[in-house]
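Take a look at the structure below.
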Amino acid sequence: MRFSLIFRNIKRSVVKSKIRRNLKKGVQREFLSFSQIKNCLLTYCIDSDKDLSKLIGLEEWMKAVDIDATIYCYVRRKSTVIESTTKRIVFARKQLSFLGRPQEDIMKPLQTTEFDAVFDLTRKSYIPVLYILMEAKAILYCSTDMRKDLRFNFVLNTDSTDDIFVLDQFRYYLNKINNNLINNGIK
């Protein structure tokens, strides 16, 4: 058990080092209101295939607010039977490298797409999701977890486990902040 903890810390150290190098490249980020977001990357983690309904709920919410969402979902099991589509990339531990990076067929679509925003709903730091967040290209990065390494534009501090509520909060606050910026003549 002790060895697995040491190994996990080594993997985490490797990915954080890569994140720091990536951020030194001068990542351009801006603040957007929710109404300006046309497409997004949503990172998500579920415990098992039984949680598919949560994933479907997120897809439906994004369609309802008219955002073209690509969801990267990490299933915390050895394998998964949930099918991936062009807008839903689902992967499990079996599809990770020795250091926890998702296989190239999972990462390739991410590397060739630019998003208006990234919404990280993972709430915890999972190494495969860190790789996804590191390689994502977006203008606005939002999260529910204060990971200093990734320099999110907007972090929502919430204890809620209701993902739709969290997305509604992102929408509310992003629009509210933007309205305040416009009203104060800052934008």
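Please report CYS40, CYS45 as a ranked list, fewest other C-beta atoms within 10 angstrom at the top and most at the bottom.
CYS45, CYS40
Among the listed pairs LYS50/LYS137; LYS54/LYS176; LYS63/LYS176; LYS108/LYS176; LYS87/LYS176, which have their C-alpha atoms separated by more than 25 angstrom in this model?
Where the Cα-Cα span goes over 25 Å, the pairs concerned are LYS50/LYS137; LYS54/LYS176; LYS108/LYS176; LYS87/LYS176.
For the range 106-118, take each phi angle, set θ = phi - 60°, evaluate the Karplus expression 6.51 cos²θ - 1.76 cosθ + 1.60, and give the result in whole Hz per residue in order, putting x for glycine and proline.
7, 7, 3, x, 5, 6, 10, 10, 10, 10, 6, 8, 10
Scan around TYR141 for amide H atoms under 5 Å from its own, H built in the peptide plane at 1.01 Å from N, and keep only partners 5 or more places away or cross-chain.
The list, which skips near neighbours in sequence, is VAL118, ASN153, PHE154.
Can you give me the distance in nm between label points at GLN111 and PHE154, each placed 7 Å from the Cα along the Cα-to-Cβ direction?
The two pseudo-label positions are separated by 3.0 nm.
Specify whether the C-alpha gyration tensor of the range 23-148 places it in the rounded, prolate or oblate class, a ≥ b ≥ c being the square roots of the eigenvalues: rounded for a/c under 1.5, otherwise prolate if a/b is larger than b/c and oblate if not.
Because a/c hits 1.5 or more and a/b fails to exceed b/c, the range 23-148 counts as oblate.
Tell me the label-point distance for the pair ARG76, LYS124, using the 7 Å Cα-to-Cβ offset, in nm and rounded to one decimal.
0.3 nm
Hey, what do the phi angles of the range 165-176 turn into as Karplus ³J(HN,Hα) couplings, whole Hz, using 6.51/-1.76/1.60 and θ = phi - 60°, x for Gly and Pro?
Per-residue couplings from phi come out as 4, 4, 5, 4, 5, 4, 4, 4, 6, 5, 5, 5 Hz.
Quote to one decimal, in nm, the extra length available between VAL65 and ASP162 on full extension: 0.36 nm per residue of separation minus the C-alpha distance between them.
33.2 nm
Hey, if you put +1 on the Cβ of every Lys and Arg and -1 on every Asp and Glu Cβ in the range 71-164, which of ALA117, PHE91, ALA136 ends up farthest toward the positive end of that dipole?
My answer, from the dipole projection, is PHE91.
May I ask you to order 119-125, 69-75 by the average number of other C-beta atoms within 10 Å around their residues, highest value first?
Averaged packing, sorted descending, gives the order 69-75, 119-125.
Once the Cα atoms of the range 105-161 are picked out, what are the Rg and Dmax in Å?
Computed over the Cα atoms of the range 105-161, radius of gyration and Dmax are 11.4, 34 Å.
Under a 5 Å amide H to amide H cut-off, with H placed in plane at 1.01 Å, what residues pair with ALA69 once short-range neighbours are removed?
CYS40
Which ³J(HN,Hα) values in Hz, rounded to whole numbers, follow from the phi angles of the range 39-47 under the Karplus curve 6.51 cos²θ - 1.76 cosθ + 1.60, where θ = phi - 60° and Gly and Pro get x?
9, 8, 10, 10, 9, 8, 9, 10, 7
Counting other Cβ atoms within 10 Å, keep those with at most 15, restrict to DSSP loop, and tell me which trypsin sites (Lys or Arg not before Pro) in the range 30-95 are left.
LYS38, ARG76, ARG77, LYS78, LYS87
Can you check what the net charge comes to around GLU60, using other residues whose Cβ is under 13 Å from the Cβ of GLU60 (Lys, Arg +1; Asp, Glu -1)?
Neighbour charge sum, excluding GLU60 itself: +1.
Values in this text are rule-based calculations from the coordinates and carry no lab data. All of these numbers come straight from a predicted model, not from anything done at the bench. Backbone-built Cβ (ideal geometry, glycine too); neighbour counts: all protein chains shown.
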